[in-house]
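Single-structure report; data block below.
The values are calculated or read from the model by the stated rules, or taken from the named source; none is laboratory data. Note that the structure is a prediction, hence the values are computed from the model and not measured. We place every Cβ from the backbone using ideal geometry, glycine too, and count neighbours over all the protein chains shown.
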Amino acid sequence: MKRVAIIGGGMSGLSAAYELARSGCAEFAVFEASARLGGIVETLRADGFVIECGPDSWVSEKPWARELAVELGLEAELIPSNDAQRRTYLLREGALVQMPDGMTMMVPSDLEAIAQSPLFSAEARAAYRREPEQAEDLKQSALRDDEDESVAAFVRRHFGEEVVRTVAAPLLSGIFGGSIERLSVRAVMPAFVRMEREHGSLIAALQSRKAKSGQAVFTTLRSGLGALVERMAATLPREAARLSDQIIGLRRTERGWRVRTVDAEEDFDSVIVATPAYVTRSLLRWTDEEFPELLGMDFSSAIVVALAFAPEQARSMKIPQGFGYLVPKGTDATHPQLLACTFMDQKFAHRAPEDGVHLRAFFGGAAAENLLGQDDRALSELAIQRLSEALGPLPEPQHTIVRWWPASLPQYAVGHLARMARLEALVAQYPGLHLAGNAYYGVGLPDMIRMGREAARRALR
Ligand SMILES: Cc1cc2nc3c(=O)[nH]c(=O)nc-3n(C[C@H](O)[C@H](O)[C@H](O)COP(=O)(O)OP(=O)(O)OC[C@H]3O[C@@H](n4cnc5c(N)ncnc54)[C@H](O)[C@@H]3O)c2cc1C
């Protein structure tokens, strides 16, 4: 039987392990440096609260997470986001201002809603109005297949500078944590690139789309995303999960790959490297000098502060209706800002006991780097202070969870997809080597599951 090593037991590595277990055609081991599987996915459950320490859901449009949940017997647990309540706010001079209805990221389908919104100046509203009128010109200048540009440059071409600053930057920072002046539009917003090619105008493209089947924007699981991890882990043969077993060396042998832990070496026919790219880079640096170059991307860190308020505490709170708010980048580096806050008990059912309130605050980008080294208490106090500035005074939470996710979000810089094509060609030169994880083709959970499972199938071939 083929022997496969999986390095990293996050969502991508664990999905690979699950696929191998399901096939029954390989002997394998998952080497995980920490004491638990799941990586950034971690769910805590207490007093009726389901507290997500990392991701809270997946984008419903991508099928792979749902498919996996169904296979794992979790179909009855699937819950959609409460889209009837889907409002997002932007924090502006201490006040929450609602984003206009009908926006897909920074692109509106309803220009009337833009005209009524206090978020935009007359100039930005005029830029939005002009965009569909310039459809032909935009189509002519659309990105060619071999071209890429930053998200900021792309949005600027369509809607001007103000929309870049007020909407696009906080939205994308909320997902990637980094600067939209560097993020690749082709890697991060491929659907918009396709729309530009077909319609020129993004507004016209959205307006021409048929009404969707009523599918919610996000999906999660009633008992939390940790259920995916628990169910997949339960399918692995005993002894397959090697927890607290960090891989410190990887090299080719005549017949396959040798992995080295702190106290042992073991040979395998194939290896699936599902670690963060900076670890993958270090493990593969002696295999080929091109790996360090192609895996040399930047990362952004994130801090999650989850606050759970029991019903009696929550009574005095006045949280507006919606999914949460975003914070545009501040100019004062001594005043670390939140990136965003999610109103978890409104975004999904079953995240809090009835009348309880569950908030998740995020620090990211430079603010998160500046907070390195602060203890959990200082971070939760800072988060509560920042939240109070937007939401009014907050009572003492029943539960406070702080999670640091250092260098957790790879930055897909301009040219990312071209680099990934070179990386794929390089990997193909090394039989038995497979990569999976959030550094390559998407950072969301559905993509982790897809890439992990595909890597396992390739390893079996
Ligand atoms: C705060 C936050 C919120 C997010 N929210 C969402 C969301 O709502 N929806 C969504 O779809 N996505 C979200 N994401 C993105 C998504 O969670 C991640 O991209 C995904 O979980 C990454 O999975 P992974 O398997 O690639 O990596 P990881 O989860 O980082 O797993 C890698 C694993 O490798 C292990 N490892 C590292 N080095 C070694 C070594 N040398 N030997 C052995 N093991 C090693 C690590 O301990 C870790 O367990 C979020 C990300 C963050 C940070």
Completion exercise
Tyr430 vs (1) crowded, with 22+ Cβ neighbours inside 10 Å; (2) within 19 Å of Val259 (Cα to Cα): all pass except (1)
Completion exercise
Taking the range 139-192 and keeping only residues that are in a loop (DSSP other than H, G, I, E, B) and among the polar types (S, T, N, Q), one is left with Ser141, Ser179
Exercise for the section: Test Glu454 against the criterion of being closer than 25 Å to Lys329 by Cα and in a helix (DSSP H, G or I), and give yes or no. Expected result: no
Fill in the blank from the handout: Just one listed residue, out of Pro108, Pro132, Pro118, is buried (at least 22 other Cβ atoms within 10 Å of the Cβ) and either more than 16 Å from the ligand (Cβ to nearest atom) or among the charged types (D, E, K, R) (or both), and it is Pro108
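Test Ala368 against the criterion of being outside any strand (DSSP E or B), at pLDDT below 95 and within 12 Å of the ligand (Cβ to nearest atom), and give yes or no.
Against the criterion (outside any strand (DSSP E or B), at pLDDT below 95 and within 12 Å of the ligand (Cβ to nearest atom)), Ala368 qualifies.
For the condition within 16 Å of the ligand (Cβ to nearest atom) and either aromatic (Phe, Trp, Tyr) or over 22 Å from Ile51 (Cα atoms) (or both), what is the one hit in Pro406, Pro431, Pro410?
On the way: Pro406 fails: either aromatic (Phe, Trp, Tyr) or over 22 Å from Ile51 (Cα atoms) (or both); Pro431 fails: within 16 Å of the ligand (Cβ to nearest atom).
Unique residue meeting the criteria: Pro410.
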Completion exercise
Being more than 15 Å from the ligand (Cβ to nearest atom) and assigned by TED's automatic domain parsing to the domain that holds Arg22 narrows Ala390, Ala421, Ala378 down to just Ala421
Completion exercise
Exception for Ser34 within (1) farther than 19 Å from Arg457 by Cβ; (2) crowded, with 22+ Cβ neighbours inside 10 Å; (3) of a type in the set (Ser, Thr, Tyr) falls at (2)
Handout entry: Elements of type strands (runs of 3 or more DSSP E) contained in the range 240-313, each with 2 or more residues being within 23 Å of Val41 (Cα to Cα), within 13 Å of the ligand (Cβ to nearest atom) and assigned by TED's automatic domain parsing to the domain that holds Phe363
Key = 299-309
Handout entry: Subset of the range 193-231 (residues that are closer than 23 Å to Ala127 by Cβ, polar (S, T, N, Q) and in a loop (DSSP other than H, G, I, E, B))
Key = Ser201
